[in-house]
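Visitor: Next up is a structure, given as structure tokens.
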Amino acid sequence: MKLSKGAQDRKRTFMLITIPVLALFFCFNTLPLIKGFMYSFTNFKGYGSYEWVGLRNYIDLFSDARVGKSYWFTFKYALVSTIITNVISLVLALGLNSKIKCKSALRGIYFIPNVLGGLVIGYIFSFIFTYVLPVIGQTLGIGALSSSMLSSTGKAWIAIVIVGCWQAIAMNTIIYISGLQTVPEDVYEAGAIDGVSGWKQFKELTFPLIIPFFSINMVLCMKNFLMVFDQIMALTKGGPSQSTESISYLIYNNGMSGGQFGFQSANAFVFFVVIVIISVVQTTITNRKEEQL
Amino acid sequence: MHKTNKAARTVNWPITILLIIGCVTIFFPLYMAVIIAFKQPSEMTNDIAGALALPASWSLSNFAEAMRVTDFWHSLGNSLLLTVTTVVLSIVIHGLGGYAIGRSMKGSKFYNFAYLYIVSGMFVPFAILMMPLVKQTAQMGIANRVGVILCYTVFFMPLNLMLYRGYLTNIPLALEEAARVDGATTWKTYWSIVFPIMKPMHATVAVLTAMSTWNDVMTPLVIMSGTGQNTLPLAQLNFQTQFGTNYNLAFASYLLALIPILLFYIVCQKQILNGVVNGAVK
């Protein structure tokens, strides 16, 4: 069958659009990915000459204490922040979706943290943690607050969790609200007839209906928290004594200026694989849950 | 609403009040930023009352000084340039790409592969692309604003392509076919018929792309570090390393960096909220 002139034109135009788009994507996404993979088998410092070292970098990666520490911090941070963010934003969304006054103004206010840049917010919080909170702690006699959280190896990560959640909650709340709006009013009415209310109403009626939004938030949150960078840069620069060094920050810091271009490329590649695995696992688990319901 | 019984209309005051009190957590950091930005170094005392009090006078001198030190207008100009160009390129390139690929996927292995190939780019963290991209942009002679814009255009491609394609699946082919019968070329049909229909998606793409570009630190940090050009967030980073101890000046500078995006949010709040929800849920 011969294609009509119009159909031919359509096919050709689509091809002429797709090829450059694919080329652009290849050039700035796939090509650097392949190059990064290649560098991960070298001892490249970021300048000068380099040699192939085979799997050396990958073997070293698993025995490198600093890398291990950064994975531990990043996962601890991501997991704790994801849980806190989702609990608070769900509660906040339920509140913002109930019959309240000034609904749209309140929703608008609670979204503000999301539009502000992570770096500047980090700097503002850094001041609060360093100067304001200790003063409050000393005055009220709370020992745990009387010195700066950011200079303590045990507590600095909590400060980063607070700032990370402060920003992420805004986004998750909006998504939960849009989820809650999909729940039809008669579900609650039917529940009320059966005498279901309060926590039971939420657990048995509301939550199952917004599971898709819950899974979006989990995946989104986890991925963003695992790639934390701006907050670290603004609050601690990985310190004190590398206790808050995230994987992204370590790759940036040691790869770009620490002469570990090759080694950190291996780290970045492992990190990439980890992110893919987590995203796939999370999506399959939540998909399966959705099917069951 | 046919039912207007009392229970449905009562305002839940306890929750309203709790939520209003909760706003303190949002406003407290911003309040701190404002008062510190207006204070003089001599007003920075070491007790609660002093730390939380309003400044003695509302002088703009810190802002003038901060603007001079950080070369504010230049950084603002760069941020605007990067954001606007990226948004325009995203709408043009991703819109076209979404249309061409989305409309051809039915029964075509090639286009299905192309779509999955680009969308899977969403999983690639910037950390892995960062170091090779620095080398690559330097070799190509675009370790500057051009390189940053090209990188953004590619980073946002997976999400935007997905959004455009998803939107197009709900738009019937009839209009395009009618235009074809009338003898219009595919290219012309796109710009005169499809592009205007996709307007709601352009808004979503514009909001998402603009906010990510405006607040991004990492890409310009690694790619344009050698050019002496700053974006607004980058200027704060450099400011912090040079004059980290003068908090009043620093906070004036931070506020200046926050004001443009806050204004944008106040003006386009509805579009931004819609855009964010669309981007995440679709």
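The values are calculated or read from the model by the stated rules, or taken from the named source; none is laboratory data. Predicted model, so just to flag it, every value in this text is computed and none were measured. When we count neighbours, we look across all protein chains shown, and the Cβ atoms used for this are built from the backbone with ideal geometry, even at glycine.
Visitor: Among the numbered criteria (1) under 25 Å from B:Leu258 (Cα atoms); (2) crowded, with 19+ Cβ neighbours inside 10 Å, which one does A:Ser104 miss?
Guide: (2)
Visitor: Do you know which of the residues in the stretch A:143-200 that are among the hydroxyl-bearing types (Ser, Thr, Tyr) and free of Cβ contacts under 8 Å to residues at least 60 places away in the same chain is nearest to the other protein chains (Cβ to nearest Cβ)?
Guide: A:Ser178
Visitor: Can I ask one more? Anything in the stretch A:252-271 that is at the interface with chain B (Cβ under 9 Å from one of its Cβ atoms), touching a residue at least 24 places away in the same chain (Cβ under 8 Å) and not small (Gly, Ala, Ser)? List them, or say none.
Guide: A:Met256, A:Phe261, A:Asn267, A:Phe269, A:Phe271, listed by residue number.
Visitor: Would you please name the residue that is surrounded by the fewest Cβ atoms within 10 Å (Cβ to Cβ), looking only at residues in the stretch B:180-210 that are more than 24 Å from B:Asn274 (Cα to Cα) and among the polar types (S, T, N, Q)?
Guide: Per the stated criteria, the residue is B:Ser192.
Visitor: So, in the stretch A:12-56, of the ones that are closer than 21 Å to B:Thr137 by Cα and of a type in the set (D, E, K, R), which residue ends up farthest from the other protein chains (Cβ to nearest Cβ)?
Guide: A:Lys45
Visitor: Confirm whether A:Thr139 is facing chain B (nearest Cβ under 10 Å), touching a residue at least 24 places away in the same chain (Cβ under 8 Å) and either over 30 Å from A:Lys76 (Cβ atoms) or touching a strand residue (DSSP E or B) at 6+ places or on another chain (Cβ under 8 Å) (or both).
Guide: no
Visitor: Give the residues of the stretch B:98-130 that are under 20 Å from A:Pro32 (Cβ atoms) and touching a residue at least 24 places away in the same chain (Cβ under 8 Å), sorted by residue number.
Guide: B:Ile118, B:Val119, B:Ser120, B:Gly121, B:Met122, B:Phe126, B:Met130
Visitor: For the subset of the stretch B:203-245 comprising residues that are in contact with a helix residue (DSSP H, G or I) (Cβ under 7 Å, 6 or more places away or on another chain), of a type in the set (S, T, N, Q) and more than 8 Å from chain A (Cβ to nearest Cβ), which member is farthest from B:Ala51 (Cα to Cα)?
Guide: Out of the qualifying residues, it is B:Thr204.
Visitor: When the residues of the stretch A:87-114 are filtered to those that are without any contact (Cβ under 8 Å) to a residue 40 or more places away in the chain, in a helix (DSSP H, G or I) and within 7 Å of another protein chain (Cβ to nearest Cβ), which remaining residue is nearest to B:Asn246 (Cα to Cα)?
Guide: A:Ile109
Visitor: Mind checking whether some residue in the stretch B:167-176 is in a loop (DSSP other than H, G, I, E, B), away from chain A (no Cβ under 11 Å), under 26 Å from B:Val84 (Cβ atoms) and within 28 Å of the chain's Cα centre (by Cα)?
Guide: For the stretch B:167-176, residues in a loop (DSSP other than H, G, I, E, B), away from chain A (no Cβ under 11 Å), under 26 Å from B:Val84 (Cβ atoms) and within 28 Å of the chain's Cα centre (by Cα): absent.
Visitor: Further question on the same structure: What number of residues within the stretch B:258-282 satisfy the criterion of being among the basic types (Lys, Arg) and either assigned to a loop (DSSP other than H, G, I, E, B) or within 22 Å of A:Gly122 (Cα to Cα) (or both)?
Guide: Residues flagged as among the basic types (Lys, Arg) and either assigned to a loop (DSSP other than H, G, I, E, B) or within 22 Å of A:Gly122 (Cα to Cα) (or both) within the stretch B:258-282 amount to 1.
Visitor: Surrounded by fewer than 24 Cβ atoms within 10 Å (Cβ to Cβ), in a helix (DSSP H, G or I), within 11 Å of chain B (Cβ to nearest Cβ) and of a type outside the set (Phe, Trp, Tyr): is that true of A:Ile285 in this structure?
Guide: Working: surrounded by fewer than 24 Cβ atoms within 10 Å (Cβ to Cβ): yes; in a helix (DSSP H, G or I): yes; within 11 Å of chain B (Cβ to nearest Cβ): no; of a type outside the set (Phe, Trp, Tyr): yes.
In short, no.
Visitor: Pull out all pairs, ordered by first then second residue, where Cβ-Cβ is under 8 Å, the residues are six or more apart or on different chains, the first lies in the stretch B:19-43 and is more than 7 Å from every other protein chain (Cβ to nearest Cβ), and the second is part of a helix (DSSP H, G or I) and surrounded by fewer than 17 Cβ atoms within 10 Å (Cβ to Cβ).
Guide: B:Ile35/B:Leu52; B:Glu43/B:Gly50
Visitor: Follow-up question, since we're still on this one. Checking A:Gln201 against (1) more than 26 Å from the chain's Cα centre (by Cα); (2) assigned to a helix (DSSP H, G or I); (3) surrounded by fewer than 16 Cβ atoms within 10 Å (Cβ to Cβ): exactly one of these is not met. Which one?
Guide: Looking at each condition in turn, A:Gln201 falls short on (3).
Visitor: From the list A:Gly54, A:Gly36, exactly one residue is surrounded by fewer than 15 Cβ atoms within 10 Å (Cβ to Cβ), small (Gly, Ala, Ser) and either part of a helix (DSSP H, G or I) or more than 30 Å from the chain's Cα centre (by Cα) (or both). Which is it?
Guide: A:Gly54
Visitor: Name every residue in the stretch A:252-293 that is under 17 Å from the mean Cα position of the chain (by Cα) and among the hydrophobic types (A, V, I, L, M, F, W, C), in order of residue number.
Guide: A:Ala268, A:Phe271, A:Phe272, A:Val273, A:Val274, A:Ile275, A:Val276, A:Ile277, A:Ile278, A:Val280, A:Val281
Visitor: Which numbered condition trips up B:Pro55, out of (1) within 21 Å of A:Trp166 (Cα to Cα); (2) not in a helix (DSSP H, G or I)?
Guide: (1)
Visitor: Also, I was wondering about something else. Residues that are in contact (Cβ under 8 Å) with a residue 40 or more places away in the chain and closer than 30 Å to A:Tyr131 by Cα: which helices (runs of 4 or more DSSP H) entirely in the stretch B:179-249 hold 3 or more of them?
Guide: B:232-243
Visitor: Regarding B:Ser108, is this residue away from chain A (no Cβ under 14 Å) and either out of contact with any strand residue (DSSP E or B) (no Cβ under 7 Å at 6 or more places or on another chain) or crowded, with 17+ Cβ neighbours inside 10 Å (or both)?
Guide: No; evaluated as a whole, the condition is false for this residue.
Visitor: Has the stretch A:61-68 got any residue that is surrounded by 16 or more Cβ atoms within 10 Å (Cβ to Cβ) and assigned to a helix (DSSP H, G or I)?
Guide: Looking for residues that are surrounded by 16 or more Cβ atoms within 10 Å (Cβ to Cβ) and assigned to a helix (DSSP H, G or I), one finds at least one in the stretch A:61-68, hence yes.
Visitor: Return yes or no: is B:Gly77 in contact (Cβ under 8 Å) with a residue 60 or more places away in the chain, within 25 Å of B:Phe156 (Cβ to Cβ) and assigned by TED's automatic domain parsing to the domain that holds B:Leu208?
Guide: Taking the combined requirement at face value, the residue does not satisfy it.
Visitor: Within the stretch B:73-105, work out how many residues are among the β-branched types (Val, Ile, Thr) and surrounded by fewer than 17 Cβ atoms within 10 Å (Cβ to Cβ).
Guide: Summing the residues that are among the β-branched types (Val, Ile, Thr) and surrounded by fewer than 17 Cβ atoms within 10 Å (Cβ to Cβ) in the stretch B:73-105 gives 3.
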